[in-house]
Amino acid sequence: MRALADVPVHFPADRVAIAHGDARWTYGDLDRRSAAWAATLVAGGVRPDDLVAFALPNGPEFFALTFGIYRVGATPAPLSPKLPAIERAAILQVMKPRIFVDHDSRPDVTCTHIDQTRTAASWKACTSGGSTGTPKVIVDARPAAFADDMAFIGIPADGVVLVPGPLYHNASFSAAVFALWRGSRVVTMDRFDAEGALALIDRERVDWSITVPTMLSRILALPADVRAQYDLSSWTMVVHTAAPMPEWVKRRWIDWRGPDHIWEVYGATEGLVRCWIGGRDWLDRPGSVGRPIGGARLQIVAEDGRSVPAGTIGEVFAMPPGGPGSTYRYIGAERRADPEGWESVGDCGWLDADGYLYLTDRRNDLIISGGINIWPAEVEAALLRHPDVRSCAVVGKPHADLGQSVHAILESDVAITLDRLEGVLDAHLLRAKWPRSIEVRATQVRDDAGKFRKSSEKAT
């Protein structure tokens, strides 16, 4: 086992560890700055296994603080620096960290000595409001040390890894920290920009990246001649996660970069299961998010609690390889588990005869309109085919006659009407599932982590 606390001193001091804009930090830089943070945290009363909450933007300081937390044997709990004060206060009230660090805080660089401490019992504590918006903290059950031969979703050793999303998000945080643990250079961005990401891949010779479907869709939306300006030959693997990937986007990506380039990982912050599928396997099972790896198991459960056969839609329940309760603990929430310990995080879908999982949507997001079940993801996939729709989200609105109606929130630079959407909707969606109302925004509908809090849109 090698502890995360040892990362800053494990690799050559002159090796570049972090590239962010014009900033380039070596592992030596990370060592010095994380040691200063560690000493500052100890002086502030932080002790082993404490939670340390922080809200810093993407960049080297985020990593310096993270590894400073590891060096005192504590657990990092990253928060979005864009959270409104009232939401941040609600999360901190639930979490009760030992200390909270914001962007105005700085380490005491005159004090860099700390006593040797033990490895934290948990290597991360991430927050989630899910679809409900109610804050909860998910404390990982794994210690802040990994087996020397551990592999994780194809992240290379001694490579160059692009993490263009917000680092407070579980997928980005996990990938970036693990990449540094393997000695790779981590390349980050202030915020995702499609052409900017390609320029970084070219400049830094990136070989692996983690993305969300919105990012891949925006890269594909670039003119072909713009994409062709960049040398992407080093970029052998892109992994996407966090939100449903429209099938047509996946096919276009495979046509452009090849089936061995694109991979999908499905799982929740709770770590109950990880499903994995490459583009070549996906072509044989279009729409699948893969099947469990690492010994986890899945079953699909009907509303009455009974397990259903292959091909039947229901709620997805998982059993981690270590058994019930082995992967995490909640602060501020209760597990959704059956009497045998199988758990759900609210996703719905079905399994094929070979155990491959196909998702429909979140259980709480199902729209029932005039007795018809409508999964927002299928409507969103159709809407994204329109060239003027940059991103979108679909929610249910109360309707006096139908119970609920489909409402779409679209991001676009131009005015869009329902009439202009008819072409793509008619070709790809039953008319009963069409949006009855739309709202057009010039700003992002989904954040850089691919997330959209749908509950906030379910207005009366």
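The values are calculated or read from the model by the stated rules, or taken from the named source; none is laboratory data. Note that the coordinates shown come from a computational prediction; the quantities given were computed from them, not determined experimentally. Note that each Cβ is placed from the backbone with ideal geometry, even for glycine, and that neighbours are counted across all protein chains shown.
Restricting attention to region 220-256, the residues being among the aliphatic types (A, V, I, L, M), within 21 Å of Pro166 (Cβ to Cβ) and in a loop (DSSP other than H, G, I, E, B) number 3.
Yes or no, residue by residue, for (1) among the polar types (S, T, N, Q); (2) farther than 30 Å from Asp22 by Cβ; (3) in contact with a Lys or Arg (Cβ under 7 Å, 6 or more places away or on another chain):
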| site | (1), (2), (3) |
| --- | --- |
| Pro76 | no, no, yes |
| Leu79 | no, no, yes |
| Lys96 | no, yes, no |
| Ile99 | no, yes, no |
| Asp108 | no, no, no |
| Arg142 | no, yes, no |
| Ile153 | no, no, no |
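Any residue at all in region 86-109 that is among the hydrophobic types (A, V, I, L, M, F, W, C) and part of a loop (DSSP other than H, G, I, E, B)? Checked against the condition, which is being among the hydrophobic types (A, V, I, L, M, F, W, C) and part of a loop (DSSP other than H, G, I, E, B), region 86-109 yields at least one hit.
Okay, residues lined up against (1) of a type outside the set (Gly, Ala, Ser); (2) over 25 Å from Lys451 (Cα atoms); (3) assigned to a loop (DSSP other than H, G, I, E, B):
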position	(1), (2), (3)
His113	yes, yes, yes
Tyr168	yes, no, yes
Ala179	no, no, no
Phe192	yes, no, yes
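For region 292-318, filtering for residues that are closer than 21 Å to Arg142 by Cβ, within 21 Å of the chain's Cα centre (by Cα) and surrounded by 14 or more Cβ atoms within 10 Å (Cβ to Cβ) leaves 5.
Checking the structure you have, find out if any residue of region 356-374 is closer than 21 Å to Ala427 by Cα, outside any strand (DSSP E or B) and touching a residue at least 40 places away in the same chain (Cβ under 8 Å). No: region 356-374 contains no residue that is closer than 21 Å to Ala427 by Cα, outside any strand (DSSP E or B) and touching a residue at least 40 places away in the same chain (Cβ under 8 Å).
Among the listed residues Ala77, Ala151, which satisfies the condition of being outside any helix (DSSP H, G or I) and in contact (Cβ under 8 Å) with a residue 40 or more places away in the chain? Explain how you work it out, then say what you get.
Numbers: Ala151 fails: in contact (Cβ under 8 Å) with a residue 40 or more places away in the chain.
When all the criteria are applied, what remains is Ala77.
Contact map, region 276-287: first residue in the same structural domain as Ile153 (by TED's automatic domain parsing), second residue surrounded by fewer than 17 Cβ atoms within 10 Å (Cβ to Cβ) and in a loop (DSSP other than H, G, I, E, B), Cβ cut-off under 9 Å, separation 6 or more or different chains; the map is empty. The residue that is surrounded by the fewest Cβ atoms within 10 Å (Cβ to Cβ), counting only those in region 239-291 that are more than 25 Å from Met319 (Cα to Cα) and either in contact with a His (Cβ under 6 Å, 6 or more places away or on another chain) or of a type in the set (Gly, Ala, Ser) (or both), is Gly258. The listed residues are Ser209, Ser217, and the only one of them that is of a type in the set (Ser, Thr, Tyr), touching a residue at least 24 places away in the same chain (Cβ under 8 Å) and either on the phi > 0 side of the Ramachandran plot or in a helix (DSSP H, G or I) (or both) turns out to be Ser217. Val424 meets the conditions (1) touching a strand residue (DSSP E or B) at 6+ places or on another chain (Cβ under 6 Å); (2) closer than 23 Å to Leu216 by Cα in every case but one. The failed one is (1). Would you mind stating whether Glu87 is surrounded by fewer than 17 Cβ atoms within 10 Å (Cβ to Cβ), assigned by TED's automatic domain parsing to the domain that holds Asp193 and closer than 28 Å to Thr211 by Cα? Against the criterion (surrounded by fewer than 17 Cβ atoms within 10 Å (Cβ to Cβ), assigned by TED's automatic domain parsing to the domain that holds Asp193 and closer than 28 Å to Thr211 by Cα), Glu87 qualifies.
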